[in-house]
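The values are calculated or read from the model by the stated rules, or taken from the named source; none is laboratory data. Just so it is clear, the model here is predicted, and its values are computed rather than measured. As a convention, Cβ positions derive from the backbone with ideal geometry for all residues, glycine included, and neighbour counts pool all protein chains shown. Each accessible area value is taken on the protein alone, full model and side chains, heavy atoms only, with ligands, DNA and RNA left out. Shrake-Rupley method; radii C 1.70, N 1.55, O 1.52, S 1.80 Å.
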Amino acid sequence: MAIPFIDLGAQRERIGASIEDGIKKVLAHGAYIMGPEVRTFEANLAAFAGSKHALSCANGTDAIELVLLGLGVGKGDAVFVPAFTFVATAEVVPMTGAEPVFVDIDPKTYNMDPVKLEAAIAAVKAEGRLKPAAVIAVDLFGQAADYPAISKITQAHGLFLIADSAQGFGCTIDGKQPLEWAHATSTSFYPAKPLGCYGDGGAVVLNDDALLERLISFRVHGGATPTDAATMNYTHEAKYLNVRIGMNSRLDTIQAAVLIEKLAIFAEEIDLRQTVAKRYNEALDGYVTSVPYVKDGYVSTWAQYTIEHENRDGLQVFLREKGIPTAVYYPIPLHQQPGYNMFTSGTGDLSVSEAKAKTVISLPFSPYLTAETQSQIVAAVKAFRA
Ligand SMILES: *Cc1c(COP(=O)(O)O)cnc(C)c1O
């Protein structure tokens, strides 16, 4: 049997029947938009995250944009993002009228380097064109960004801190999730993410009541919040009082039904992911340029198992010929992307991101990857001599 890059089938075999029951219930009650499962899932997600609130939305990209809009980030603002991440982290910034400022990464964790962040903030202040407003830290490949260090910097400069945890939702530092340090955490339920649904979906977890009110408004066309409505005169439904320019970004009820079942086993799956990652680490250490490094006290959700190899492209072709799929996250850092190379604020030195884009390669990974399949993959990697 062909080895899948991410094996979604193994989980379906395990909980497929209960997911189908959940979907059938939605088909029977017919509340496809904002049905009861959406509320139930949001409550369960908040419980998992240890947050006061969880707000679901249409995808992980909207989740970040909703937070920026809710925090009032816009024209003239600088938003600091890592140069080495999925494009969505930076994409939402110009959508709000603000500008992304790229920050280089730590060579071992691939996450935003706090020292480089400090330098980028200083460069933007010296340039004087933009006002530093927010930092979006990314939990790349599943490992939490260095929130203790980054939050010290954002506090010192009066900036908002957003955790883009699309890949790392559920990750921890000394047992604490990113929301311990961030104003809000966003995530994605794209099927291949550690907590995925059967289509598109996303969410924000947060503790701030006032921010939640604004997110609810922005999620559905900028409708009046109870606070807005209390100060305004109108005779029609509050729903048709549009106080701000919003979006349409709801999680489908059917996807919420899927996620209720998946979230129920998510903590256990995060544990299984540790076992699979450990097996890879032990088998591959010393045979490739580097195996993933997870900092002391950090627990990764292993959205990807990413190694480095000096002849990355050669290894990829060699593995493909042996029937082993791989992926490169990410071949081009964001500041070099044609759609983003006009954003030039910051220090300009993004050399770590540029170097990593040439050597990273991700191997097949899922919580249900068997030791047997893994040794096949490991043997193939070891057989490649550059
Ligand atoms: C997947 C991803 C997103 C976007 O999620 P979608 O649900 O696909 O919109 C944002 N940031 C990061 C780091 C991601 O990996």
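Taking only DSSP H segments of four or more residues, each worth -39500 (n - 2.57), what value at 222 nm results for the chain once the sum is divided by all its residues, to the nearest 500 deg cm²/dmol?
Mean residue ellipticity, 222 nm, calculated: -13000 deg cm²/dmol.
Solvent exposure of M95, expressed as accessible area, is near 130 Å², computed with a probe of 1.4 Å over the protein chains only.
Structure remark: mean-square fluctuation, Gaussian network model of the chain, C-alpha springs under 10 Å; the largest value among D77, D21, D106 belongs to D21.
Counting 0.36 nm for each residue step from N341 to D209 and taking away their Cα separation leaves a gain of 43.8 nm. A Förster distance of 41 Å, applied to the separation of the beta-carbon atoms of R385 and K75, puts the FRET efficiency at 0.15. Extension gain for A156 to Q274 (0.36 nm times residue separation, less C-alpha to C-alpha distance): 39.0 nm.
Pairs exceeding 21 Å between alpha-carbon atoms, taken from K75/K131; K52/K239; K116/K176; K75/K356; K108/K295: K52/K239; K116/K176; K75/K356.
Counting Lys +1, Arg +1, Asp -1, Glu -1, what net charge surrounds V294 among other residues with beta carbon under 14 Å of its beta carbon? Its environment carries a net charge of -3. For a modelled paramagnetic label at K176, 7 Å from Cα along Cα-to-Cβ, the residues of the range 199-225 in reach, with backbone nitrogen under 17 Å, are 206-208. Charge tally for I150 (other residues, Cβ to Cβ under 10 Å; Lys, Arg +1; Asp, Glu -1): -2. For A383, what is the net charge nearby, where nearby means another residue's Cβ is under 13 Å from its Cβ and Lys, Arg count +1, Asp, Glu -1? Neighbourhood net charge equals +2. Three principal axis extents of the chain based on alpha-carbon atoms, in descending order, are 73, 60, 37 Å. Annotation: per residue accessible area for the chain equals 42 Å², rounded to a whole number [probe 1.4 Å, protein chains only]. Model label sites at D285 and N233, defined 7 Å from Cα along the beta-carbon direction, differ in position by 7.3 nm. Quick one: Cα centre-to-centre distance for the range 229-247 and the range 301-342, in angstrom? If we compute the Cα centre of each part, the gap is 47 Å. Expressed to the nearest 5 percent, the antiparallel share of DSSP beta bridges inside the chain is 60 percent. For A166, the residues whose amide H sits under 5 Å from its own are D139, S188, ignoring neighbours fewer than 5 places away on the same chain, with H placed 1.01 Å from N. Taking a ≥ b ≥ c as the square roots of the Cα gyration tensor eigenvalues, the range 165-217 comes out oblate, since a/c reaches at least 1.5 and a/b does not exceed b/c. Using only alpha carbon pairs under 8 Å that are at least six residues apart, calculate the relative contact order of the chain and give it in whole percent. About 23 percent, as a whole number. Multiplying the residue separation of I15 and E354 by 0.36 nm and subtracting their alpha-carbon distance yields 117.9 nm. Taking only the alpha carbons of the range 1-120, we obtain Rg and Dmax values of 19.5, 56 Å in that order.
Taken along the Cα-to-beta-carbon direction at a fixed 7 Å, the label points for H221 and E127 span 3.8 nm.
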